[in-house]
1. Going by what's in this entry, would residue 214 be described as touching a strand residue (DSSP E or B) at 6+ places or on another chain (Cβ under 6 Å) and within 23 Å of residue 312 (Cβ to Cβ)?
2. Going residue by residue through segment 97-108, is there one that turns out to be crowded, with 20+ Cβ neighbours inside 10 Å, of a type in the set (Ser, Thr, Tyr) and modelled with pLDDT of 90 or more?
3. Output the residues belonging to segment 109-132 that are surrounded by 15 or more Cβ atoms within 10 Å (Cβ to Cβ) and among the β-branched types (Val, Ile, Thr).
4. Anything in segment 112-133 that is in contact with a strand residue (DSSP E or B) (Cβ under 7 Å, 6 or more places away or on another chain) and part of a loop (DSSP other than H, G, I, E, B)? List them, or say none.
5. Condition (residue is surrounded by fewer than 24 Cβ atoms within 10 Å (Cβ to Cβ), assigned to a helix (DSSP H, G or I) and among the acidic types (Asp, Glu)) applied to segment 167-186: is it met by at least one residue?
6. Filter segment 95-110 for residues that are in contact with a Gly (Cβ under 7 Å, 6 or more places away or on another chain) and either under 12 Å from residue 122 (Cα atoms) or not in a strand (DSSP E or B) (or both) and give the result.
7. Is it true that some residue in segment 231-238 is hydrophobic (A, V, I, L, M, F, W, C), in the same structural domain as residue 313 (by TED's automatic domain parsing) and in contact with a Lys or Arg (Cβ under 7 Å, 6 or more places away or on another chain)?
8. Taking the conditions exactly as written (under 21 Å from the mean Cα position of the chain (by Cα) and either part of a loop (DSSP other than H, G, I, E, B) or not assigned by TED's automatic domain parsing to the domain that holds residue 322 (or both)), does residue 277 satisfy them or not?
Amino acid sequence: MNSKSTRGGAVRKKSRGKAVGSGGQGRQALEGRKPTPKAEDRPYHPAGKAKLAKERLDAARKRHGGGKDDAKRTPRKKSDDTELVTGRNAVLEALRTKIPATTLYVAAKVEMDDRMREILGLAVGRNVPVLEVMRPELDRMTSRDTVHQGVVLKVPAYEYAHPLELLDAVERRGQQPLLVALDGVTDPRNLGAIIRSVAAFGGQGVIVPQRRSVGLNSAAWKTSAGAAARVPVAMASNLTQTIKALKERGLFVIGLDGDGDVQLPGLELADRPVVLVVGSEGKGLSRLVTENCDAVVSIPISAATESLNAGIAASVTLYEISKLRAERGVTTGE
């Protein structure tokens, strides 16, 4: 009889490695998990991504010799930034006022009239390159809601004035200041209409905020019917602070709002140095701007009409101010 057992369970297998006991696992269970990393130290967390982005930005600033103060400066426009002036009236006024232009685009077989002849004559006289292109190309260059009328002028990006420098220029000319500031107006056609009204009723300039506002783009140029070539537009980094600075310079701030407590007809402040503030198309004047107004004026309208848009409201108010100034013998200095 064989002395070795044939039972499988009786055979002890040799261990291929060191046996792992449960003591270490028990200690880890008693100690608990390690502290959770902070949100900014987790690269997948939004706070962590923001931290990494800031570190990259700081590193880039150091490479270019910049500091923290650079972030507060208004970014300069790139040298290759351009704007398109569209429509015959707008293009003609831009060329008449000798705004720098780089290229004039004219549709092939465009219908000639006196304006087109003058446009071509001015462009050739100023050595502005004239390119004849097909109409679909002009359509592609301009926005869908822009009517180019077969002519487009490419000009450098608009150089905005500083609001206080704009006031300085008005006072040097001996004019009674009449400026219009826009509070959140985002429709370029309203901006263009306001610029046109400012030119028509003796105003000297328009102020737009840097944020949450439309700039002087091709649609605004077109709607202004060329007035944008004559009326300067200034940009305010902070509209509320700009309004306070204008008040310190002696201007009266008139806000335009449907719920204003002062009626427009016979406005008492019309003959004073004025900055008229026009609110956005939907929300009207912001709270901070309203608090800094010397008067909030409303335009009497029929009960059947809920409100007027920004462009029309500004035009009506500017006309009334212009009429009252003429009646009271206030000259614009022009």
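The values are calculated or read from the model by the stated rules, or taken from the named source; none is laboratory data. Keep in mind that this is a model prediction, so the values were computed, not measured. Glycine also receives a Cβ, built like all others from the backbone with ideal geometry; neighbour counts cover every protein chain displayed.
1. The answer is no for residue 214.
2. yes
3. If the condition is that a residue be surrounded by 15 or more Cβ atoms within 10 Å (Cβ to Cβ) and among the β-branched types (Val, Ile, Thr), then 110, 119, 128 are the ones that fit.
4. If the condition is that a residue be in contact with a strand residue (DSSP E or B) (Cβ under 7 Å, 6 or more places away or on another chain) and part of a loop (DSSP other than H, G, I, E, B), then 128, 129 are the ones that fit.
5. yes
6. Result: 110, single match.
7. no
8. So residue 277 does not fit the description; no.
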